[in-house]
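Each remark here refers to the structure printed beneath this line.
A short reminder: the numbers here are calculations on the coordinates, not readings from a lab. For clarity, every value in this text was computed on a predicted model and none was experimentally measured. Here the Cβ positions follow ideal geometry from the backbone for every residue, glycine too, while neighbour counts run over all protein chains shown.
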Amino acid sequence: DADTRTNFIWEAVDSDLAAGKVPDRIVTRFPPEPNAYLHIGHAKAIYVDFETARRYGGYCNLRMDDTNPLKEEQEFIDGIQEDVLWLGYQWANLTFASDYFERMYELAEELVKKGLAYVDDLSADEIREYRGTLTEPGRESPYRNRSAEENLDLFRRMRKGEFPDGERVLRAKIDMSSGNINMRDPVMYRIQHAAHYRQGDAWCIYPMYDWAHGLEDSFEGITHSLCTLEFEDHRPLYDWFLEQLPVHRPRQIEFSRLQITNTLLSKRFYVRLMKDGLISGWDDPRVPTIRGLRRRGYTPEAIKAFVEMIGISKAHSIIDSGQLEYCLREDLNRRSLRRMAVLKPLKLTISNYPEDQVEWFDGENNPEDPEAGSRKIPFCRDLYIEEEDFMVDPPKKFFRLAPGNEIRLKHAYYVTCTDYRTDDSGRVTEVICTYDPESRGGWSEDGRRVRGTSHWVSARHAVEAEVRNYSELFSEERPWEHDGDFAEIMNPDSLEIVQGVKLEPALAEAARGEKNGSIEGIFQFLRQGYYTVDLDSTPEAPVFNRTVGLKDTWAK
Ligand code: ATP
Ligand code: MG
Ligand code: MG
């Protein structure tokens with residue numbers, strides 16, 4: 001049904017094509033600034049850019065928007081590519097905005113010669129003050145009416161490095177009384193004596209976003225420049241620059257930014273939390289970066305399903321974080337392998353089971369997918385069950401294990417509790433049961449009713465692991481509205497570390513492989529949730545992350 005699905009952007013592209021306004025080949029771009037890793041908000045933009053190109057048989061470029069000399073780093077350039085590929089998208093060209101500096105500069109000179117740009121000596125503060133406000137028109141700079149010759153000379157000297165940082169700027173000469181403040185002679189170049197990670201010392205003037213971005217799009221033959229709504233007010237400027245020059249003119253279309261409850265989608269903030277040691281890095285599984293989500297156990301398919309479910313529009317809305325988890329569960333339920341893991345182990349001994357006997361049961365890998373096959377699960381007299389699955393003195397309707405109660409051990413036998421042992425403090429340390437040999441496989445011919453089913457692990461075969469149970473990072477629904485330090489609203493229980501978890505041996509294989517971020521590394525621990533092998537995991541010390549619990553908090 002990919003062909004029938006549409007949104008206002010695709011409708012716009014359809015009508016541009018029908019009207020012959022664009023070439024047959026649709027070209028888009030995804031233009032991240034390589035000053036941080038990508039987050040799930042970027043995944044929405046990536047979806048819009050790449051799926052638009054794919055829908056029309058065109059292509060999408062990955063463009064590093066690296067016009068700011070101080071912030072960009074190679075680490076992020078590599079990381080961004082890795083993340084886009086992981087999301088399932090392949091760009092046609094990898095480009096760098098800074099590679100266009102020379103062409104941009106030449107076109108800036110064209111504007112200067114045409115009298116459409118001038119060198120201004122006002123300070124940054126003065127420029128701001130002269131710009132006016134929404135209700136008050138701007139004032140013209142006293143330097144606004146310099147001759148084209150003088151401007152050209154000054155601009156060339158700016159480039160040569162004759163002036164210190166901040167002494168002069170190049171501004172477009174548009175309209176200081178425009179109702180749109182962006183049109184009040186915006187700055188095109190600033191002086192900044194700083195080495196650029198890619199261009200070295202070649203430049204000491206750097207282009208501003210509005211000037212640079214449209215040209216980058218134009219040089220690459222972009223037909224539709226898709227961006228978020230905060231650029232809507234910049235569109236007249238985007239168009240103005242391109243109209244003054246003999247260049248290709250892309251069409252900019254804006255859509256709403258992704259915003260999710262209990263989640264902050266801003267790079268700055270995570271840098272801060274990292275500095276304070278409150279999160280472990282860009283790939284902390286609580287952080288909504290693509291690498292954080294991947295490490296947590298999110299799949300690209302779940303992320304894509306989420307973006308499709310919330311849709312693309314101009315309407316701003318705050319998305320319930322439960323919606324993202326819903327899409328994740330849908331995917332994991334369909335594809336993850338079922339395994340048994342006991343998080344808080346309690347010894348269970350079957351008194352009438354032969355001491356040295358071991359049986360291997362078949363456990364289906366995934367009841368949702370018959371083709372997923374099965375795995376072998378060892379069973380013997382010494383087992384572990386979940387501590388909370390036993391009570392000495394249970395309330396009514398407790399269908400799990402208690403003295404005299406019979407339950408089913410998943411895939412194995414019915415067992416009845418006959419006794420238990422406690423330590424000096426009264427804590428239960430062991431449960432004693434008998435099993436019914438006639439109930440092999442977990443059912444009996446007499447059809448008697450056994451209501452509780454517990455998961456379990458053979459104590460003799462168990463693999464010991466650490467489990468990290470993650471929950472949301474913020475307890476506030478709208479953390480972006482918080483005034484003080486974000487650390488104040490961090491959920492103190494966002495990470496619970498559980499040691500001494502007992503895993504069935506089929507999980508040892510996963511703990512050994514480098515399966516993080518692929519579906520082969522993701523499991524449903526029966527009755528517990530979805531778990532994935534963490535990056536810290538080693539064969540000697542397996543570590544699993546809780547990706548998401550089993551229960552939905554959001555209903556479709
Ligand atoms: P941040 O506020 O996190 O720094 P940004 O917009 O400055 O984000 P860029 O690297 O410039 O980050 O973003 C690249 C592209 O991704 C832009 O086109 C931007 O509009 C888009 N994008 C960023 N955040 C979101 C979001 N929350 N929802 C949708 N698109 C987004
Ligand atoms: Mg940006
Ligand atoms: Mg930014």
Worksheet item: Using 1/(1 + (r/R0)^6) with R0 = 25 angstrom and r between the beta carbons of GLU477 and VAL271, what's the FRET efficiency to the nearest 0.05?
Response: 0.60
Discussion item. Placing +1 on the Cβ of each Lys and Arg and -1 on the Cβ of each Asp and Glu in the chain, which of MET188, VAL498, GLN90 has its Cα farthest towards the positive end of the resulting dipole?
Written reply: GLN90
Worksheet entry | Over 21 Å between alpha carbons, listed pairs LYS314/LYS551; LYS344/LYS376; LYS347/LYS502; LYS21/LYS113; LYS173/LYS314; LYS376/LYS502 | LYS314/LYS551; LYS344/LYS376; LYS21/LYS113; LYS173/LYS314
Practice prompt. Calculate the translational D of segment 8-255 in whole µm² s⁻¹ from Stokes-Einstein, where the hydrodynamic radius comes from the Kirkwood formula applied to all Cα pairs, the temperature is 10 °C and the viscosity 1.306 mPa s.
Written response: 83
Worksheet item: What lysines could a cross-link reach from LYS275, if we take a straight Cα to Cα line under 18 Å and drop same-chain neighbours fewer than 8 places away?
Response: LYS71, LYS267
Worksheet item: What is the set of long-range amide H partners of ASP185 at a cut-off below 5 Å, with H atoms built 1.01 Å from backbone N?
Response: ILE174, ASP175
Fill in: Theoretical FRET efficiency, 1/(1+(r/R0)^6), r = Cβ-Cβ of SER280 and ASN35, R0 22 Å, to 0.05
0.65
Discussion item. Limiting things to C-alpha atoms, what are the Rg and the maximum Cα-Cα separation (Dmax) for segment 61-140, in angstroms?
Written reply: 18.9, 50
Worksheet item: Under a point spin-label approximation (7 Å from Cα along Cα-to-Cβ), what is the GLN74-GLU488 distance to one decimal in nm?
Response: 4.2
Worksheet entry | Cα Rg, Dmax, the chain, angstrom units | 30.8, 102
